[in-house]
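Structure record follows, encoded as structure tokens.
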There are 2 protein chains.
Amino acid sequence: MATKNNYNEVFDASMNILEKITQHNAAFSKSERKVAEVILANPQTAIHSSIATLAKMADVSEPTVNRFCRRLDTKGYPDFKLHLAQSLANGTPYVNRHVEEHDGPEEYTKKIFESTMASLEVARQSVDIPTINRVVDLLTQAQKISFFGLGASASVAHDALNKFFRFNVPIIYFEDILMQRMSCMNCTEDDVVVLISHTGRTKSLVEIAQIARSNDATVVGITSKDSPLGKECNLVLSLDVPEDTDMYMPMASRIAQLTLIDILATGFTLRRGNKFRENLKRVKDTLRGSRFDKKND
Amino acid sequence: MATKNNYNEVFDASMNILEKITQHNAAFSKSERKVAEVILANPQTAIHSSIATLAKMADVSEPTVNRFCRRLDTKGYPDFKLHLAQSLANGTPYVNRHVEEHDGPEEYTKKIFESTMASLEVARQSVDIPTINRVVDLLTQAQKISFFGLGASASVAHDALNKFFRFNVPIIYFEDILMQRMSCMNCTEDDVVVLISHTGRTKSLVEIAQIARSNDATVVGITSKDSPLGKECNLVLSLDVPEDTDMYMPMASRIAQLTLIDILATGFTLRRGNKFRENLKRVKDTLRGSRFDKKND
DNA sequence: ATTAAATGTAGTAATTTTACAACTTAATAC
DNA sequence: GTATTAAGTTGTAAAATTACTACATTTAAT
């Protein structure tokens, strides 16, 4: 029981207290709302104030502030301050992170960095570790690995090619739909096909999944679990990243997918051990010839 | 002088307290080190403990804990707890983020996500906003935009193609070195060439920069400022992301580059205004035909 | 052996929390 | 419509917890 509570505590800590305050607003009493306003107006001041100062600022009594804290599932005022401090630490994630029309370069740069980091955090929490482990297992045992994606996900597949190519394993990558199909028709049961699609609704990718499976290949989907593509896959690595629909471009999901590729590549090298690490180093060294030496410029 | 102190305070605040503890280790006294150990061993417990409990855990007296806090430039124990809470909120960035040989899937997944987020934070702080603004300016006025990269940066260029293609502006993208060269020979002064390279030492890319400039095109480098490539560019967008050399693969830098592409694309649409937004929506709508409808599955 | 630094003890000050009383509001009966 | 009561809200004052200060003691260094 103590463990369970502890877990919940951690979970709550990851949730933003400031958002919680705004959401909880209706359930507050008149005086509690006064406290909420003062805190939301200047959270930075709040964490450096004592309960007495804050009570004065909100023009309420000290116990009211205390009751306010408890209503938000904190142990009391000091605990509330701790939660508040954590919320403020995460690059002010309570403010609107969506880019707006009148935003200048400073604003949109900040917002995009922050929303990207936020979606990585979400992705991290949603990703299923056992599945990652199984996929790494499959990849290390595969005789041939294919990476296919279309549109924005094509560049993710491209990146996967770049990474896995260094492992000295046969890697297949095509942008062309027909080539992808033909390649899958030649699959065997020792092959792994990784299909990348944020929505999981791209028709030709779903078809490719079917072709690959009918040839006994193992199909891994980096896509949404309940999508048509997801249903056709042997294993699905899903990333619950809320997509920024404002911009009509997949941004956050693609970064999360790339990070997942990094993770798979890392898992791959770790599984293969030191011998393979040396191989990586050798591949890197061969690139030297095409580069300017660091010391000669 | 007051300003300078203020700046340092801001700097210190943004700096992780846990890292500060480890770095400061030499300056601690014997008992203070005991306190440091207890906190580093279990920071989550520390923020929920009173000064008395913590003192007992470290087997020292309460004032020692208090002195320990002050030595780290905090006002006292409660203030220290606030800083500690903030540090823990940022995805525990104090722990060793480098993947190690014996790491299991849970560990390396966590570490890669965290190090990716951390490098985005570093990138965000290092990026030069006025340069971004100028690059967006150039891109909106360009008659033709080219994106070139090699190796790992090729997929970044690929991604840029995907994004900017939707803007209905002539976009050039080649993976082939010779095609890149030929393309640059046909440049005019209204063209913008964006070259992507983490190291900035890839010979053929430097040559391409020279060719493009000799044809009066504007060359933008997403690369390191002092690199051979950087020196050949009209404008350089540098991202000071410390690369993970352990894995012999560029990971963090590429994510930062992609985020930068997102930012440029966003800046581009914002500059072009609403008329262009509609165009984006149109491009997105045409994709519908190749997709399974969300309601029909 | 002397001095400076480090650590702990005990008392004090600050802060938070609790218990209870006063007040407000809303609902029901008259 | 007014009185009555009950539930909920807010504040006061005292208790409990927590953190801090001054000073004494110990430890280490020269």
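Overview of values
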item: Region A:68-89 residues that are facing chain B (nearest Cβ under 7 Å), paired with ones that are in a loop (DSSP other than H, G, I, E, B) (beta carbon under 6 Å, 6 or more apart); result: A:A89/B:N90
item: Verdict on B:E106 being under 21 Å from A:Q257 (Cβ atoms), surrounded by fewer than 20 Cβ atoms within 10 Å (Cβ to Cβ) and in contact with a Ser or Thr (Cβ under 8 Å, 6 or more places away or on another chain); result: no
item: Residue in region B:6-14 that is more than 16 Å from DNA strand D (Cβ to nearest atom) and either among the basic types (K, R) or modelled with pLDDT of 85 or more (or both) present; result: no
item: Which listed residue is surrounded by 15 or more Cβ atoms within 10 Å (Cβ to Cβ) and under 32 Å from the mean Cα position of the chain (by Cα), from A:S49, A:S119, A:S31; result: A:S119
item: Hey, B:Q44 facing chain A (nearest Cβ under 8 Å), more than 30 Å from B:S253 (Cα to Cα) and either surrounded by fewer than 16 Cβ atoms within 10 Å (Cβ to Cβ) or more than 16 Å from DNA strand C (Cβ to nearest atom) (or both) or not; result: yes
item: Of all residues in region B:144-201 being among the small types (G, A, S) and at positive phi, the one that is farthest from the chain's Cα centre (by Cα); result: B:G151
item: Residue list for region B:23-82, filter: in a loop (DSSP other than H, G, I, E, B), more than 8 Å from DNA strand D (Cβ to nearest atom) and closer than 25 Å to A:Y77 by Cα; result: B:N42, B:H48, B:L72, B:D73, B:T74
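The values are calculated or read from the model by the stated rules, or taken from the named source; none is laboratory data. These numbers come from a predicted model, not from an experiment. For neighbour counting, all protein chains shown are included, and Cβ atoms are generated from backbone atoms with ideal geometry for every residue, glycine included.
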